[in-house]
Structure formats: C-alpha cells, structure tokens
Amino acid sequence: MHSTTSESPAPEPPSGTGPPDPPSSAARPGPAPGGAYSPLPATVQQALKIAVVGGFGAGKTTLVRSVSEIRPLSTEETMTRAGDGIDDTDGVEAKHSTTVAFDFGRITLDATSVLYVFGAPGQERFWFLWDRLFSGALGAVVLVDTRRLRDSWYAIDRLEAQGTPFVVAHNDFGDTDHTLEQVRAALDLDPAVPLVRCDARVRASAKQVLIALVRHVRSLVTGGSR
C-alpha cells in the first residue's frame, strides 16, 4: 500500500470490552427544554474515540456537526490572506473558513458508553497532529473529496502504518461521475477497507459512516479471535 514506514500494533480495545454496537437513535438522549441536550449521564463508564480525517475542505467539520448530539466544539476561523501560498485551495476556492485545531462531538451509545468524535484539520501544516489523534482511537473515518483525492493519501498511509482500523467515505458534493470502484482504484485502497458514499450534511447519511466503521472494527476483532 502507500506507506513504507514500519507498522506499530493496532490499538487494543478497552479491557473486557469489544467494539460497541452501532449507534442507535433509541440510545441517544432526548433534547432537554430549550433545545439543548442533557449533560453526560453519571452512569457513563466507558468513552470511545473516533477520528475523522481527510483533506482540506472534505467536509469533516460538517460530518461532526451532523452526528453530534451536543452542540459541537468547533475551532473554525475565517481564512485570511496570511494563508495565501501556504494552504492549497485548488478545487475549494469558495471555502472561507477552516478548522485550526479540532472539532469535537459526542454520541451516547447506551447508559454506560459514549462515543467522542474528533474532526482533524485538513491542511498539510496540521498533519503532524494526526498521529496523536489516532492514539487510543477505536478507529477512523477518512473523508474524501474526488476533486482532491491526493489529500487523502497521507491519512491512509498513517492509519495503515499505525494499524488503526478505518473506513473511507466519499463525501458526495454532487459529483456522480466517479463510481466507488473508481475511487477505490484511484486511492489504491486495500480491498478489505470499507468504502462508502455519504452526504456529510445529512445526519442519517453521516451516521451510516460511523456504523460502517463500528461494524468494520467488530469484524476485525471477532475475526482475529477465531
């Protein structure tokens, strides 16, 4: 595959636990009066982490916003001319804001487990942060934009090198000219890595991406235990 770096062991699931069941809308807390969601329940004993990575402008912040049950923590800032010549905006010229740290959202899985969703900044100058974000993660989502597929190669390389389970999600910006098979071939993606199509703006669609990841992690764990 892409990376030539030495692989490190895949992160172990929390002791005594396996991958959680896919997120269920029935398990999510309802909104409190005023439209805000209730605080983290006192019964929660386990927190799991998923990282959302990908190229600049691929829709990572949008996906975190779509799936989070709380108002997500966002570090979006207005792009200025200081980034000219540093951030490559080819194909995303209409983008006027960018993540400068991390996005953070939360999903309650059940009374004892929550899922934290971290969205990483996509600019190359922030890629050094990704390895730390992958540490201890249940898995990752690589969000790709077919206008800038080359931006996805680094994320895939690092995840493969670290042994972190991941799925690839093609964020559909209305470009239906590329099939998933074409995207897989262009990324030189391992056949065992799930590739799905999504619309990060739509909660149900974004949720299916996380479900695909949890199912993939579960299949790796159960397959390895046979």
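Since every read-out is calculated from the coordinates, none of them should be taken as a lab result. Here the structure is a predicted model, which means the values were calculated and not measured. Cβ atoms come from the backbone with ideal geometry, glycine included; neighbour counts cover every protein chain shown.
For Leu109, the residues 5 or more places off, or on other chains, whose built amide H falls under 5 Å of its own are Val114, Leu115.
With the simple spin-label model, which puts each label point 7 Å out from Cα in the Cβ direction, the Val202 to Arg150 separation comes to 3.1 nm.
Full-extension gain between Leu40 and Val221, please, as 0.36 nm times their residue separation minus the C-alpha to C-alpha distance. Before the final figure, lay out each step's value.
Details: separation 181, 0.36 × 181 = 65.16 nm, distance 2.80 nm.
Going from the current span to full extension adds 62.4 nm.
Highest-first packing order for the peptide set 40-53, 106-119 is 106-119, 40-53, based on the mean count of other beta carbon atoms within 10 Å. For the stretch 120-225, the calculated P(r) over all alpha carbon pairs, in 5 Å bins from 0 to the bin holding the longest distance, is 2, 11, 23, 24, 23, 12, 4, 1, 0 percent.
Among residues other than Thr62 with Cβ under 10 Å from its Cβ, the summed charge is +1 (Lys and Arg +1, Asp and Glu -1).
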